[in-house]
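Worksheet: one structure, shown below.
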Amino acid sequence: IPSQAGLGGGSADAAAVLRGLNKLYGVGVSTATLASLGTPLGADIPFCVYGGKARCKGIGERITVLEKDFLHLVIIKPNANCPTGKMYGELDKINREIPEYGEGVYFNSFDGVCPQECRDAMAFLSASGATVSMLSGSGSAVFGVFDTESAARNAAEKAKSVYPFAVYAHTI
């Protein structure tokens, strides 16, 4: 996972440590408790403790686990920087009231304040057949959801000629 991409690499590492220590020492702490222990360390850690698909509210600590979908994805990291603090600062400059959405809706407040390079990568994914394309976390990586593996793999190959990091991935 590229660093500073909004893909949760550091948060996943922290969540793995919490889960690993719980298992190694046979403590038997619940997933909810592990998630709450991770919250002061990082907003994405609770989600990573749970894993899978979830609706996150607050700063990410209020989690509702959702039914998992198997998705074919293309992940692109354009040449852009999106430091988390700066991205939150950009959100603070705009009215960012977040409406309630039903299940199946993809939404990221940071899409509205990301650099042009990220917007261009999202447009590239949409033009390549993605049904959804958006920023991952606070960026700078973007992802596209594709209907089939072959469509996603073809888009990833096209993206490799344009972007420094472009890969096919799927959910587990």
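The values are calculated or read from the model by the stated rules, or taken from the named source; none is laboratory data. None of these values were measured; they are calculated from a predicted model. Here the Cβ is made from the backbone with ideal geometry for all residues, glycine too, and neighbour counts use every protein chain on show. Accessible surface areas use protein heavy atoms only, side chains included; no ligands, DNA or RNA. Shrake-Rupley method; radii C 1.70, N 1.55, O 1.52, S 1.80 Å.
Among the residues of region 27-39, how many are open to solvent by 60 Å² or more (accessible area, probe 1.4 Å) and closer than 22 Å to SER109 by Cβ? Here the count works out to 0. For the structure I just gave you, tell me whether GLY58 is open to solvent by 40 Å² or more (accessible area, probe 1.4 Å), under 17 Å from the mean Cα position of the chain (by Cα), modelled with pLDDT under 95 and at positive phi. Taking the combined requirement at face value, the residue satisfies it.
Of the residues making up region 40-50, those that are under 18 Å from the mean Cα position of the chain (by Cα) and open to solvent by 40 Å² or more (accessible area, probe 1.4 Å) are LEU41, ASP44, PHE47, TYR50. Going through (1) open to solvent by 70 Å² or more (accessible area, probe 1.4 Å); (2) closer than 22 Å to GLY10 by Cβ; (3) charged (D, E, K, R) one by one, GLU90 falls short only on (1). The set of residues in region 1-15 being open to solvent by 40 Å² or more (accessible area, probe 1.4 Å), assigned to a helix (DSSP H, G or I) and in contact (Cβ under 8 Å) with a residue 12 or more places away in the chain consists of GLY10, ALA12. Of all residues in region 61-79, those being surrounded by fewer than 20 Cβ atoms within 10 Å (Cβ to Cβ), under 30 Å from LYS158 (Cβ atoms) and touching an Asp or Glu at 6+ places or on another chain (Cβ under 9 Å) number 1. Apart from one condition, LEU24 fits all of (1) under 23 Å from PRO78 (Cα atoms); (2) surrounded by fewer than 18 Cβ atoms within 10 Å (Cβ to Cβ); (3) hydrophobic (A, V, I, L, M, F, W, C); the exception is (1).
Taking every residue in region 142-161 that is in contact (Cβ under 8 Å) with a residue 40 or more places away in the chain and part of a helix (DSSP H, G or I) and pairing it with any residue that is small (Gly, Ala, Ser) and open to solvent by 40 Å² or more (accessible area, probe 1.4 Å), at least 6 positions away or on another chain, the pairs with Cβ-Cβ distances below 6 Å are ALA151/GLY129. Of the residues in region 123-145, at least one is β-branched (Val, Ile, Thr), open to solvent by less than 80 Å² (accessible area, probe 1.4 Å) and in contact with a Pro (Cβ under 9 Å, 6 or more places away or on another chain). Applying a threshold of 6 Å to beta carbon distances and a minimum spacing of six or more residues, or different chains, the list of pairs starting in region 47-59 at a residue that is more than 19 Å from ASP13 (Cβ to Cβ) and ending at one that is open to solvent by 70 Å² or more (accessible area, probe 1.4 Å) and assigned to a loop (DSSP other than H, G, I, E, B) reads LYS53/LYS68.
Every residue, every condition in (1) within 26 Å of PHE143 (Cα to Cα); (2) without any contact (Cβ under 8 Å) to a residue 12 or more places away in the chain, yes or no:
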position	(1), (2)
LYS23	no, yes
GLY28	no, yes
SER36	no, no
ASP69	yes, no
LEU73	yes, no
